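The values are calculated or read from the model by the stated rules, or taken from the named source; none is laboratory data. Keep in mind that what you see is a predicted model, and the values were worked out from it rather than measured. Using ideal geometry, Cβ is built from the backbone for each residue, glycine included, and neighbour counts are taken over all protein chains shown.
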Amino acid sequence: MRNIALIARITFQEAWRNRILLSILLFAAGIFALNFILADSFNYELSKVAVDVSMSAISICTLLIIIILCINQLGRDIDRRIVFLFLARPLARHEYIIGKFIGFASLLFLTELILGGGGALSVWVISYLKPAYTVVHFSWTIFAMALLFHFVGCLLLLAAAILFAILSTSTLLAVLCTMGVYFAGHYVERVIHLLTISGNPESPVVQFLHAVSWVIPNLAAFNLKQHAAYGLTIEPPMATATLLYGGIYIAIVLTTTAFLFSRKELS
Amino acid sequence: MKTKQTLTFVVVLLLLLPGYIVAVNMLHQERTPEQQERDIRNFPFHQDFYYVAAGEFAGLIADFLYLDVAATLGGRRAALLDEDEWDKIEKIFTIAVHLDPYFEPTFRAIQAYLTWSAKRPLRAIALLEKVNEKRTWHWMPPFYIGFNHYFFLKDNWKASHNCHLRGTPGRCIRQCSHWYQSLTEIDGYNRKPAGKTHVQTAYRSIAGGIYPGRGHCKVPRRLWRESTFFVGSDYNGVS
């Protein structure tokens with residue numbers, strides 16, 4: 001446990017010092033400032049636009065952090081043999097993987113907290129300045145829940161990114177695979193739904209996509225932007241099932257990654 | 001060597017600069033605001049394609065589509081659009097509703113443009129019904145549907161059937177019913193050109209939801225009274 005905490009702390013500190021993170025945060029700050037101008041272009045439901053812009057900025061930033069920062073750092077650890085410095089210590093390989101995951105997860109959590117706070121502030125200011133143009137059922141609880149679900153969705157993608165970074169021989173390949181998982185994770189459910197309602201639900205394509213949906217993380221389930229924007233309620237069974245699914249998926253992917261990493265020839 | 005490099009750099013830059021100035025000027029001439037307003041965005045694929053492609057940014061893209069339509073239609077007279085252009089606008093509205101069926105500015109714009117300007121009440125009703133399925137807490141989408149049936153399609157039965165003003169104070173519902181009723185009863189009223197304009201303007205105010213949308217019944221009631229009894233002559237300030 002101490003080893004995991006140590007790896008997590010080093011990972012977090014290294015990533016935190018990275019200038020990429022600073023530029024991402026600056027980009028987010030710019031987006032939030034833009035929020036006020038953008039929202040003002042609309043006649044009604046300004047708070048909805050503010051939520052859309054903020055949540056989208058958070059999504060883009062966290063995606064960039066996973067793609068650019070996490071995969072790069074892991075790839076560099078292996079390419080430059082920095083990983084040997086860790087593994088030379090009395091440290092199991094699965095501890096390294098879990099430590100890395102927790103370190104990056106902490107970074108994502110902090111980023112989500114900062115960006116979410118900034119987003120909430122811009123939404124609050126807009127709602128305060130123009131209360132008549134706020135969405136009637138807007139709720140801060142649902143906004144916070146949307147952020148939590150988004151964070152869990154990010155963890156799913158992070159777990160997949162670590163798996164690809166460990167498995168692949170090049171960073172670019174890992175980035176491409178992670179991007180593929182990201183897009184597929186958001187699209188598969190919608191495509192299945194559309195094919196089911198418009199065509200034959202028993203067709204081989206739909207069956208194939210159903211099979212794929214067991215492997216690819218369903219990231220669309222963690223997208224509650226519309227709920228946050230309009231204050232739509234989330235049914236407790238649905239919320240529980242989604243979080244449970246997320247937790248178990250992460251556990252399976254991390255176990256697989258640890259197993260594969262323990263068998264990987266590092267030279 | 002270093003001086004030669006600097007000199008080459010400056011000469012190349014000076015040679016490129018006039019070309020750049022000419023190109024920028026040409027671009028600015030081509031991309032005037034009027035020119036850009038003339039270009040209505042074309043979405044050739046089925047709306048499902050955009051729904052899938054939008055991914056997690058569906059809400060944001062719906063916002064953008066509304067802004068795009070508003071900028072296009074606001075920058076020019078909507079009446080100047082031809083049928084092909086209205087087809088494109090209708091497609092944009094269809095995609096926007098598909099991406100985010102809840103968004104208020106979109107369905108208000110649908111009601112404002114597809115019915116009054118494009119004279120396509122049936123398409124507007126079809127889109128508003130999609131909104132109505134999702135935006136269950138809001139009285140305005142069913143009101144618009146009812147209004148379109150009544151005013152544009154002259155179908156009073158469907159109008160009354162759709163006029164469920166949910167979430168609105170009861171007196172507003174009564175006012176709207178009276179309004180409908182009074183306008184159908186005052187037979188000679190609509191035949192007068194000025195009177196007709198008044199009614200239409202007042203209707204726009206109500207249908208636009210400017211006043212009832214904020215939970216006030218006062219203004220609709222006044223408009224109803226004024227349009228019925230010909231009090232006042234200028235409604236431009238309220239429409």
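Odds and ends about this structure:
- Complete set of residues in region B:104-151 that are within 11 Å of chain A (Cβ to nearest Cβ), over 24 Å from B:Glu83 (Cα atoms) and either at pLDDT 90 or above or surrounded by fewer than 24 Cβ atoms within 10 Å (Cβ to Cβ) (or both): B:Lys134, B:Arg135, B:Thr136, B:Trp137, B:His138
- Scanning region A:76-97 for residues that are assigned to a helix (DSSP H, G or I) and either at pLDDT below 85 or surrounded by fewer than 21 Cβ atoms within 10 Å (Cβ to Cβ) (or both) gives A:Arg76, A:Asp77, A:Ile78, A:Asp79, A:Ile82, A:Val83, A:Phe84, A:Leu85, A:Phe86, A:Leu87, A:Arg93, A:His94.
- The residue that is farthest from the other protein chains (Cβ to nearest Cβ), counting only those in region A:143-194 that are within 16 Å of A:Gln226 (Cα to Cα) and either surrounded by fewer than 19 Cβ atoms within 10 Å (Cβ to Cβ) or of a type in the set (Lys, Arg) (or both), is A:Ala144.
- Residue match in region A:23-44 (condition: within 11 Å of chain B (Cβ to nearest Cβ) and of a type in the set (S, T, N, Q)): yes
- Residue in region A:208-223 that is farthest from the other protein chains (Cβ to nearest Cβ), counting only those that are loosely packed, with under 12 Cβ neighbours inside 10 Å and more than 28 Å from A:Leu64 (Cα to Cα): A:Ala211
- Residue in region A:170-191 that is outside any helix (DSSP H, G or I) and in contact (Cβ under 8 Å) with a residue 12 or more places away in the chain present: yes
- Sole residue being buried (at least 22 other Cβ atoms within 10 Å of the Cβ), in contact (Cβ under 8 Å) with a residue 40 or more places away in the chain and either assigned to a helix (DSSP H, G or I) or not small (Gly, Ala, Ser) (or both), chosen from A:Ser56, A:Ser127, A:Ser122: A:Ser122
- Among the residues of region B:47-68, the ones that are facing chain A (nearest Cβ under 7 Å), surrounded by fewer than 21 Cβ atoms within 10 Å (Cβ to Cβ) and not acidic (Asp, Glu) come to 5 in all.
- Unique match (being of a type in the set (Gly, Ala, Ser) and free of Cβ contacts under 8 Å to residues at least 12 places away in the same chain) among B:Gly74, B:Gly146: B:Gly74
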